[in-house]
Structures are given as C-alpha cells and as structure tokens.
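**Student:** A single structure is presented below for examination.
The values are calculated or read from the model by the stated rules, or taken from the named source; none is laboratory data. A quick note: this is a predicted structure, and the numbers were derived from the prediction, not measured. Note that we place each Cβ from the backbone using ideal geometry, even for glycine, and neighbour counts take in every protein chain shown.
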Amino acid sequence: MTIEPSGQLHPPESDTFPWPRAAACPLHPPPRYASVRESEPIKRVKTWDGSIVWVVTKMKDFRDVLTSPHFSASPHTPGYPSVSPARAAQSQSYQTFITMDSPEHGQRRRTLTKEFMMKRIDELRPFVQQTLDALLDRMIEKGAPADFIHDVALPLPSVVISIMLGVPYEDHARLQSLSSNRMNLDISPALLRQSAQEMEQYIDRLLREKEQSPGDGNDLLSRLAIEWINPGKLSHADAVQMGALLYLAGHETTANQIGLGLLSLLEDRAQVDALIADPSLVRGAVEEMLRFHSITHMNSARVATADVMIGGQLIRKGEGVFAPVQAANHDPDAFPEPDRFDIHRETKGASHVAFSFGVHQCLGQPLARLELQVMFETLFKRLPTLRLAVPPDALEFKRNGNVFGLVSMPVAW
Ligand code: HEM
C-alpha cells in the first residue's frame with residue numbers, strides 16, 4: 001500500500017493500460033471497462049512507462065473531464081499520459097490545435113470553422129456521391145470477391161479530403177502510408193517522427209505554391225493562403241500543421257468507420273433488410289455505428305492542471321487521465337444494452353460522444369457524417385446481396401492502430 005499526500009490509501013498498481021479486447025468479440029470494447037465501471041468507475045492504472053494514471057469509464061465523468069478548464073490536452077504539460085512510445089511521439093509531433101489549450105486552441109481552430117460548417121460540407125454531397133458511384137462501378141466491374149476496404153472504404157474519404165484540401169490525388173499512396181505510420185501505436189518513435197516530418201515537408205511545398213498562385217481559392221489550402229496567410233493573419237508554419245492534421249484525420253478515421261459499420265450490418269441481415277425497406281433509417285444507423293464502434297479507441301489523453309474532483313474522486317494536479325470514447329459510449333446508464341448494435345436504438349436525447357466532447361470535439365464531424373450517410377444510402381441500393389466472402393473469424397483487425405478498424409474485408413454480391 002502507498003499513502004498519498006491526501007491521506008488516501010492506494011493499492012499497488014498491477015492493472016496495465018490499455019486493456020485488450022476479447023479475442024471472441026473484437027467489435028466490443030475491452031471487457032475490463034465494464035467490470036471496472038461497476039466497481040471503481042475512475043480507476044488508477046499503470047502505463048508502459050510506469051506512470052500511474054486515471055481511466056474514466058462513465059459517460060458523466062467523461063463529459064466532466066472534457067469540459068473542465070482544469071485539464072490540459074498538451075503533451076508539453078508535465079504528467080501528460082500516453083499509451084505507447086509511438087503514441088507519445090505522435091502527440092509531440094502535432095504542433096497544432098488538437099494538442100493546444102485555450103485560448104490558443106480556439107484561435108487556431110476558428111481559422112477552419114467556416115470550412116467545416118454543415119452548409120459548406122453539404123455542398124460536397126454531389127461530389128461524394130459521384131466518387132462513391134465511380135468506386136462501386138470499378139469494384140463491380142473487377143468482380144467478386146473484392147476487398148471492400150482497399151476498393152471503397154479507404155479511397156472514398158481519401159479522394160474527398162485530397163480534393164477538399166487541394167492535395168493532388170496522385171500523391172495519395174505515399175501520404176496514406178505516412179498517415180498510417182502516424183496512427184500506429186507500435187511503430188518505432190523514430191519512424192513515426194520521420195513520417196510526420198515527411199508529411200509536413202510535402203504540405204509545406206504545396207502550400208508555398210498556393211501562397212504564390214492561389215487562383216480562385218477553389219480548395220481549402222488555397223483559401224487559407226488567400227484569407228489568412230497572405231494577409232498576415234496566420235503563419236505559414238501554422239497552416240502547414242493544420243493541413244497535415246486535416247489530411248491525417250480526414251481519411252484513416254472515416255475509412256475504418258465505414259468498414260466496421262458495414263461489418264456490423266452484415267452480421268445481422270435483418271438490419272440490412274430494414275435499411276433497404278426504409279432508407280430514412282440510414283441517419284440513425286450511422287449514429288449507432290459511431291457509438292457502437294467508437295473507433296478512436298485510444299484518444300482523449302489529458303492531464304490535470306489543478307486539483308479537481310471528478311465523480312467523487314480527487315484527481316491531483318499533474319496526474320494523467322484517459323477518457324476513452326468507447327468507455328463512455330458503452331456506459332449502460334447512457335445507453336441500455338450498450339453492447340448491442342441496433343440501428344433502431346431510441347437514444348431518448350442521449351447523444352453519443354464518438355466525436356468526443358468539449359472544445360476538442362471533432363472538427364470534421366459534418367464531413368464524416370456526410371460520407372457515412374452517402375455510403376449507407378447507396379451501398380445496399382446498388383448491391384442488395386452484398387455479403388462477406390470469408391467467415392467473420394477470418395477477418396483481421398488493426399489492433400495496433402490509434403483508430404480501430406479492419407485490415408481488409410473480402411466481400412461478394
Ligand atoms: C468517423 C470519423 C471520425 C471520428 C470517429 C473522429 C473522432 C474524433 C475525436 C474523438 C476527436 C477528439 C480527439 C481528442 O480530443 O483526443 C477528433 C478530433 C478532430 N478531428 Fe475527427 N473524427 C473523424 C473524422 C474526422 C474528419 C473527416 C476530419 C477532417 C477532415 C477530422 C478532423 C478532426 C480534427 C481537426 C480534430 C481536432 C479538433 C480539436 O482539437 O479542436 N475528423 N476527431
């Protein structure tokens with residue numbers, strides 16, 4: 001036993017975080033979240049570097065942490081936790097608002113809010129539809145079996161974010177591989193840093209060209225040049241970091257969500273039939289996918305900047321906290337029978353937090369929702385007999401990614 005300065009007794013930590021998913025139910029959060037939520041909803045755990053940090057497992061406490069002014073999202077604040085050496089290097093590699101605190105966070109983020117407003121994103125709908133139709137045409141023409149991740153789920157968000165930012169799509173293979181390195185929890189920190197650097201050098205060159213000849217501002221990076229950088233309201237270096245963050249966040253996430261969403265639907269044919277019979281169910285189905293899979297399963301690292309009470313537990317200044325979305329989204333107090341995937345779920349006003357909560361909640365959520373909605377409005381209309389081409393237990397998951405997903409997904413129709 002150790003006695004904390006507060007006088008509280010703490011047992012020695014043997015609970016090592018992150019917890020593993022159960023081999024038999026890869027789509028469910030690690031079962032440890034459910035047992036801990038019952039007995040000790042804010043739990044002390046040990047991480048790879050021996051740090052003792054808190055894990056928050058209830059929705060209410062999750063929201064309290066992410067809206068409290070007493071937590072920092074910056075890896076430069078002493079005590080900031082990480083789940084692996086690669087993740088520590090990735091957090092340090094961000095020099096932009098995702099790891100900044102107020103007021104700098106808000107100042108930088110506001111540069112981009114107009115770009116992600118619902119109305120502006122909805123204007124992309126015809127383009128998203130056209131891109132998806134072309135990808136499906138190509139997959140159908142090649143014939144079954146096809147790898148749905150490689151042929152459709154990954155290229156859709158990748159084409160869309162490239163065109164939106166003004167990044168030539170012919171460069172996507174290299175950029176995608178750099179993104180994937182940066183999202184890998186097990187990669188060497190040196191390779192991760194090198195990947196971040198290479199990505200920044202690429203965006204740096206591209207942005208300089210756009211600053212010199214921004215044209216009509218037809219893409220996001222050109223508009224940043226015209227409206228912010230050239231008039232001296234944003235530095236070139238800041239804009240490079242934002243461009244790299246958007247490219248990274250823009251496709252690894254949505255691509256994995258599309259694959260897992262399709263898998264959950266295919267595991268329950270009745271839900272596919274319900275979607276075909278009533279396409280108005282698509283919006284609810286997309287929200288249920290976001291909640292159920294909570295793909296950014298290693299997100300929301302924070303560190304307390306003052307002593308603060310969360311859920312009756314004192315968290316001291318300098319102590320790290322993880323507030324994982326998958327824990328909050330599977331809290332039975334917020335969502336009854338949380339481990340059931342149900343596109344008809346009545347949420348009774350409770351909203352999921354797959355895009356997180358508070359000031360750092362996902363900037364790209366209107367874009368992610370648009371892509372997911374177009375995908376699931378179209379897919380079963382075009383391919384009503386779509387099915388897995390291998391037994392479900394032959395599927396391989398990306399367990400070592402900061403974003404959870406499928407490595408590949410053989411399908412037939
Ligand atoms: C299904 C798809 C997506 C999911 C589940 C998702 C989830 C999240 C989550 C949980 C966070 C908070 C991270 C944290 O605090 O640790 C976040 C932040 C962010 N996301 Fe997404 N995201 C998705 C798609 C996108 C897309 C398409 C874009 C943009 C192109 C994007 C851009 C961002 C940005 C810029 C932030 C940082 C916001 C800030 O710190 O103020 N995301 N996202």
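**Student:** Can you say whether A144 is at pLDDT 95 or above, more than 21 Å from the chain's Cα centre (by Cα) and closer than 24 Å to L406 by Cβ, as far as the supplied structure shows?
**Tutor:** In short, yes.
**Student:** Select from the stretch 48-62 the residues that are surrounded by 19 or more Cβ atoms within 10 Å (Cβ to Cβ) and over 29 Å from A196 (Cα atoms) and list them in ascending order.
**Tutor:** V56, T57, K58, M59, D61, F62
**Student:** Identify, from the list S177, S195, S188, S158, the residue that is within 29 Å of P126 (Cβ to Cβ) and either in contact with a helix residue (DSSP H, G or I) (Cβ under 7 Å, 6 or more places away or on another chain) or not β-branched (V, I, T) (or both).
**Tutor:** S158
**Student:** Continuing with this model, one more query. Just a yes or no: is a residue in the stretch 130-143 within 16 Å of the ligand (Cβ to nearest atom) and surrounded by fewer than 22 Cβ atoms within 10 Å (Cβ to Cβ)?
**Tutor:** Within the stretch 130-143, one or more residues are within 16 Å of the ligand (Cβ to nearest atom) and surrounded by fewer than 22 Cβ atoms within 10 Å (Cβ to Cβ).
**Student:** Would you mind stating whether A173 is without any contact (Cβ under 8 Å) to a residue 12 or more places away in the chain, under 21 Å from the mean Cα position of the chain (by Cα) and surrounded by fewer than 21 Cβ atoms within 10 Å (Cβ to Cβ)?
**Tutor:** yes
**Student:** Which members of the stretch 238-256 meet the condition of being within 11 Å of the ligand (Cβ to nearest atom) and small (G, A, S)?
**Tutor:** Residues satisfying the conditions are G243, A244, A249, G250, A255.
**Student:** Kindly evaluate I295 against the criterion of being surrounded by 22 or more Cβ atoms within 10 Å (Cβ to Cβ), in contact (Cβ under 8 Å) with a residue 12 or more places away in the chain and away from the ligand (no atom under 16 Å from the Cβ).
**Tutor:** Spelling it out, it is not the case that I295 is surrounded by 22 or more Cβ atoms within 10 Å (Cβ to Cβ), in contact (Cβ under 8 Å) with a residue 12 or more places away in the chain and away from the ligand (no atom under 16 Å from the Cβ).
**Student:** Taking S68 and the conditions (1) within 14 Å of the ligand (Cβ to nearest atom); (2) within 23 Å of V403 (Cβ to Cβ), which numbered condition does it fall short on, given that it satisfies the others?
**Tutor:** (2)
**Student:** Taking the condition surrounded by fewer than 18 Cβ atoms within 10 Å (Cβ to Cβ), more than 30 Å from V56 (Cα to Cα) and either at pLDDT 95 or above or in contact with a Lys or Arg (Cβ under 7 Å, 6 or more places away or on another chain) (or both), does L383 pass?
**Tutor:** Here the answer is yes, as L383 does meet what is asked.
**Student:** Considering only the stretch 100-128, state which residues are more than 24 Å from L370 (Cα to Cα) and over 21 Å from the mean Cα position of the chain (by Cα).
**Tutor:** S102, P103, E104, Q107
**Student:** Something else about it: In the stretch 203-222, what residues are in contact (Cβ under 8 Å) with a residue 40 or more places away in the chain and of a type in the set (D, E, K, R)?
**Tutor:** Answer for the stretch 203-222, where residues must be in contact (Cβ under 8 Å) with a residue 40 or more places away in the chain and of a type in the set (D, E, K, R): K210, D219.
**Student:** Just checking, which of E371, E337 is modelled with pLDDT of 95 or more and over 25 Å from V128 (Cβ atoms)?
**Tutor:** One residue alone meets the criteria, E337.
**Student:** Let me spell it out: the conditions are (1) away from the ligand (no atom under 15 Å from the Cβ); (2) assigned to a loop (DSSP other than H, G, I, E, B), and K381 meets all of them except one. Which number is the exception?
**Tutor:** (2)
**Student:** Tell me, which residue of the stretch 384-406 that is in a loop (DSSP other than H, G, I, E, B), in contact with a Leu (Cβ under 8 Å, 6 or more places away or on another chain) and away from the ligand (no atom under 16 Å from the Cβ) is farthest from L281 (Cα to Cα)?
**Tutor:** Step by step, filter the stretch 384-406, then rank; the result is N400.
**Student:** Also, quick follow-up: Kindly evaluate G79 against the criterion of being crowded, with 17+ Cβ neighbours inside 10 Å and away from the ligand (no atom under 15 Å from the Cβ).
**Tutor:** So G79 passes the test.
**Student:** Let me ask you something else. Are any residues in the stretch 306-340 away from the ligand (no atom under 16 Å from the Cβ), touching an Asp or Glu at 6+ places or on another chain (Cβ under 8 Å) and assigned to a loop (DSSP other than H, G, I, E, B), and if so, which ones?
**Tutor:** If the condition is that a residue be away from the ligand (no atom under 16 Å from the Cβ), touching an Asp or Glu at 6+ places or on another chain (Cβ under 8 Å) and assigned to a loop (DSSP other than H, G, I, E, B), then G311, R316, K317, P338 are the ones that fit.
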